[in-house]
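Asker: First the structure, which I've put down as structure tokens, then a few questions once you've had a look.
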Amino acid sequence: MAFDSREYEWSDITLVLGGRDITGIRGIKYSEKMEAESLYAKGRRPHSVQSGNISYEGELTLLQSEYEALVKAGNGSVLNLRGLIATVGYGNPLNGDALMSDAITGIQITEASKEWKQGDKFIEITLPFIATGLQNQVA
């Protein structure tokens, strides 16, 4: 008996940022990190691992037209946008996939830069961000 499963793919991704469906998305990356360090006492080996702050960060990669729409929404700079919420949805229930979504809250874009090279057919802009939360949900 063969087991057949379908993996999620790029065409299954939907990004809603600040209430707007972002159709010019070229990539998204986000992570949740926790500070951790070994606690040493008697001997050479750690006695335990102590944890600290949790942080959230990532990158949005957009076409220039989407970037310019964000600049306009930020009154001239994407750095003015505060507290954005991004919902990343993926999966297609019509194909039998579970509909998954990740909610990234409190997004603050930390850098805005552009780069062009000879021969470019379009401009891709990467926006690093930090956030205040990340929740994973299964519908």
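Where a number appears in this text, it was derived from the coordinates with a stated rule and is not lab data. On a predicted model such as this, the values are computed, not experimentally measured, just so you know. A quick note on method: Cβ atoms are made from the backbone with ideal geometry, for glycine too, and the neighbour counts reach across all protein chains shown.
Asker: Run through all the Cα pairs of the stretch 68-130 and give the fraction in each 5 Å bin from 0, expressed as whole percent.
Answerer: Computed distribution, short to long bins: 4, 14, 17, 18, 14, 13, 12, 7, 1.
Asker: Under unit Cβ charges (Lys, Arg +1; Asp, Glu -1), what dipole magnitude, rounded to 20 debye, does the stretch 10-139 have relative to its Cα centre?
Answerer: Result for the stretch 10-139 is approximately 400 debye, rounded to the nearest 20.
Asker: Work out how far the C-alpha atoms of the chain reach from end to end along every principal axis, then list the three figures in whole Å, largest first.
Answerer: 61, 52, 32
Asker: If you don't mind, there's one more thing I want to ask. Per residue of the chain, what 222 nm ellipticity follows from adding -39500 (n - 2.57) for every DSSP H run with n ≥ 4, rounded to the nearest 500?
Answerer: -2000 deg cm²/dmol
Asker: For an R0 of 41 angstrom, estimate the FRET efficiency from the Cβ-Cβ distance between residue 114 and residue 51 and round to the nearest 0.05.
Answerer: With R0 = 41 Å, the Cβ-Cβ based efficiency is 0.60.
Asker: Hey, another quick one. Between residue 132 and residue 73, 0.36 nm times their residue separation minus their Cα-Cα distance comes to what?
Answerer: Result: 19.2 nm gained on full extension.
Asker: Placing +1 on the Cβ of each Lys and Arg and -1 on the Cβ of each Asp and Glu in the stretch 1-111, which of 28, 62, 52 has its Cα farthest towards the positive end of the resulting dipole?
Answerer: My answer, from the dipole projection, is 52.
Asker: Between residue 31 and residue 95, what FRET efficiency comes out of the Förster formula 1/(1 + (r/R0)^6) with R0 = 25 Å and r the beta carbon distance, rounded to 0.05?
Answerer: On the way: r = 27 Å, r/R0 = 1.09.
Efficiency, rounded to the nearest 0.05: 0.35.
Asker: So what's the net charge close to residue 52: Lys and Arg +1, Asp and Glu -1, counting the other residues with Cβ under 9 Å from its Cβ?
Answerer: Combined, the nearby Lys, Arg, Asp and Glu give -2.
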